[in-house]
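To start, the structure itself, in structure tokens.
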Protein chains: 2
Amino acid sequence: MNPPVQSLNESKFRILSSCPISDGARASSLCLPSGEVPTPVFMPVGTQATVKGVLPRDIREVVQAPIILGNTYHLNLRPGVDVIRKAGGLSDFMKWGGPVLTDSGGFQVFSLSKLRKITDEGVRFRSHLDGREIFLGPKEAVEIQDGLRSDIAMCLDVCPAANDSREDVESAVNRTTLWAHACKEAWMNGSGPAEGRNLFGIVQGGRFKDLRRQSAEQLVELNFPGYAVGGVSVGESEEEMLEQVGWITEILPKDKPRYVMGVGTPTQLLKMVGLGADMFDCVMPSRAARHGMAYTANGTLNLRNEKFKEDFSSLDENTDSFASQEFSKSYLRHLIQTKESLAGTILTIHNLRFFVSLMEQARLHILKGDFETWSSSWIRNYESGA
Amino acid sequence: MNPPVQSLNESKFRILSSCPISDGARASSLCLPSGEVPTPVFMPVGTQATVKGVLPRDIREVVQAPIILGNTYHLNLRPGVDVIRKAGGLSDFMKWGGPVLTDSGGFQVFSLSKLRKITDEGVRFRSHLDGREIFLGPKEAVEIQDGLRSDIAMCLDVCPAANDSREDVESAVNRTTLWAHACKEAWMNGSGPAEGRNLFGIVQGGRFKDLRRQSAEQLVELNFPGYAVGGVSVGESEEEMLEQVGWITEILPKDKPRYVMGVGTPTQLLKMVGLGADMFDCVMPSRAARHGMAYTANGTLNLRNEKFKEDFSSLDENTDSFASQEFSKSYLRHLIQTKESLAGTILTIHNLRFFVSLMEQARLHILKGDFETWSSSWIRNYESGA
């Protein structure tokens, strides 16, 4: 069933420092074909080949994101992988020009599509757009991502809900392992390995420590150049989530990048960095921006609030972007009131810079050796100001 | 009824060249408190203190617009003139930093509001947003624009429809003249004159040459530092519109800027430049952008079209902006298909740069002395490619 496969690329992941106190947080550098990614890193989400409302050059030059994420499920529906392949891959198609990580599409199949049927071969579902029937198996998921020319592609996995039964979670782990083998085999037949692109495995297992361990160990046997923690932030408490991340980072090899998928708040990110996680993505900063929310070191601001009507102070003078420093709270409230899309654009640039910059600061403090102290103090400040 | 008023600022308008053949087109330079405006010039419309979807710095650096327009009617409703006055004026409030021209609000009162009642004192109407009753007279229109700190404010005028009776148009002209006197008086009492800001008069008179002449002559007596042609593009044919502009530019003083309000297509702009018009504004390039249309020297492109699905050529390599040159037609079609707001942003930047740049080219050819030849050839090319 699982034929022996050639080995994947060696991970070009260089650990620069680990925190002397917790032996958790680490600063590193991940070399990808489209560029180098210093970690810990927050990856803005560019679902449909665009970080909503923001020009790619502002993601590069203002947000200063070293890598962004694309969603295979959405891109496969529109414009379709053929168009993006012909354009030279996702990064070229959207003129981002830097590294991209793509998810496998599995998460969206489970959360967006209708009438899905899962077997060991893959999942058959109907597009949420037009009801068209589509099949996505491990081979298809990997081939699509090869067509997108992702610097980091993700294995297709099965992501159970937080309260699924042990039986269901165990079945998800087994199928995720089965698919990881198939993904690796398909990946080795594509152009990814020759071009230095990477395929990461995804650890499942939900709230069951032994299943998390089983999943991680089975994937580590396949020697992926990086591993993700999947199935978190799916309904469990923050405490449970951090516990699960902690279990997994203890098991995963220290010399490979660890990516926690789809999280989280600024304080959660810092706590997970402390647990040895390296990479994160989340729609929260951009989605919150489109709803008029801004992140600051003292908590979030709701810019719809009447109290900002004549507040001509900068959005957030402590975040180093023109979007944060140039525009007043009063002006942003006006744009929100009048439903002008520029509000979302300015706040998205600010929020993403806030998240990217938070990881830059974390990295500096890891290298300096005072991450734990700085992080605790940062979290205290954020929570007291909220 | 019309008390004698002090004189307005001298217009800081320097004619650099007039076309030797037609004695129509002229290149000039308009010095305003917030900056110098080379003319002929196209002014992007920033209705609600934002050029929809575009960051002010992209309007400055990419579109390279020397001046933008704000809408008094909208800004008076939201956020209200008090907020903008306290922010230091419209240019500061929106962090544009360059010159702004504001309309008087009259046009929107007539086109958007309900239950309006016009008398010699002004117009009473209900806000299109919440039905609130508002009064706008010449004094109010000018005081609001003084609060917006507009580099160029416009007199309140009465704008009849293209097919209104001669009697109605004559009444509109008379009231426009009456209001011009009141506007000038109110303006002289504000901070505009001391700060070198300008108040322009608006010529009405519709399709009646004698009424256009009467209106122009009555305004010229008031010695405004600039004049606008109002009541065009309100339902008449292009031929009629150009005829009316031609009548008026012949009457207006040669040493003052001439602004044709709310127009037009690229070819109309060139034809009006040929008739001696200097300034234009129009929502068309930005509105068309939000509907997936791009202007090029060979006509317009509808980027929704299936034929662009795999067209990886640049949007328009002949327009000098990154928005025009960096993104492919295929990518833009994808953004439009997926209803991503970035489509509107990229196309707005491109279209506005196209219009602003067209006026820059016109200016160069006027200075070079071959405007008529160049303009005819440009129009032929544009129309044949459409």
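Looking at the protein assembly as shown alone, DSSP beta bridges between its own residues are antiparallel in about 55 percent of cases. Legend: calculated FRET efficiency, residue A:117 to residue B:161, from the Cβ-Cβ distance at R0 = 60 Å, rounded to 0.05, equals 0.45. The residues of the protein assembly as shown have, on average, 38 Å² of accessible surface per residue, using a 1.4 Å probe with all protein chains present.
Of all residues in chain A, the one whose Cβ lies closest to the rotation axis carrying A onto B, together with that distance in whole Å, is A:341, 3.
Label points for residue A:235 are taken 7 Å from Cα along Cα→Cβ. From this copy to the others they lie 6.0 nm apart, shortest first. Remark: spin-label model distance residue A:85-residue B:168 equals 6.2 nm, labels positioned 7 Å along the Cα→Cβ axis.
The alpha-carbon atoms of the protein assembly as shown, seen along their principal axes, cover 93, 57, 45 angstrom, with the largest extent given first. Size descriptor for chain B, Kirkwood hydrodynamic radius: 21.2 Å (Cα pairs only, one decimal). So how tilted is helix A:209-220 from the main axis of chain A? Cα-based, degrees 0 to 90, rounded to 10. Approximately 70 degrees, to the nearest ten.
You can think of it this way: the chain between residue B:217 and residue B:126 has 29.4 nm of extra reach, that is 0.36 nm per residue less the Cα-Cα gap.
Residues of the range B:66-101 with amide nitrogen under 12 Å from the 7 Å Cα-to-Cβ point of residue A:312? Residues passing the 12 Å test: B:82-95.
The relative contact order of chain A comes to 19 percent, based on Cα pairs under 8 Å that sit 6 or more residues apart. The distance separating the Cα centre of the range B:201-221 from that of the range A:284-315 comes to 49 Å.
Between residue A:367 and residue A:297, the FRET efficiency estimated from the beta carbon spacing at R0 = 30 angstrom works out to 0.90.
For the range B:336-371 versus the range B:23-70, the spacing of their alpha-carbon centroids is 12 Å. Spin-label pair residue A:254-residue B:374: with each label point 7 Å from Cα along the Cα-Cβ axis, the two points sit 6.9 nm from one another.
Note on residue B:16 and residue A:305: with the Förster distance fixed at 56 Å, the Cβ-Cβ geometry gives a FRET efficiency of about 0.65.
The values are calculated or read from the model by the stated rules, or taken from the named source; none is laboratory data. On a predicted model such as this, the values are computed, not experimentally measured, just so you know. We place every Cβ from the backbone using ideal geometry, glycine too, and count neighbours over all the protein chains shown. All accessible areas refer to the heavy atoms of the entire protein, side chains included, with ligands and DNA or RNA removed. Shrake-Rupley method; radii C 1.70, N 1.55, O 1.52, S 1.80 Å.
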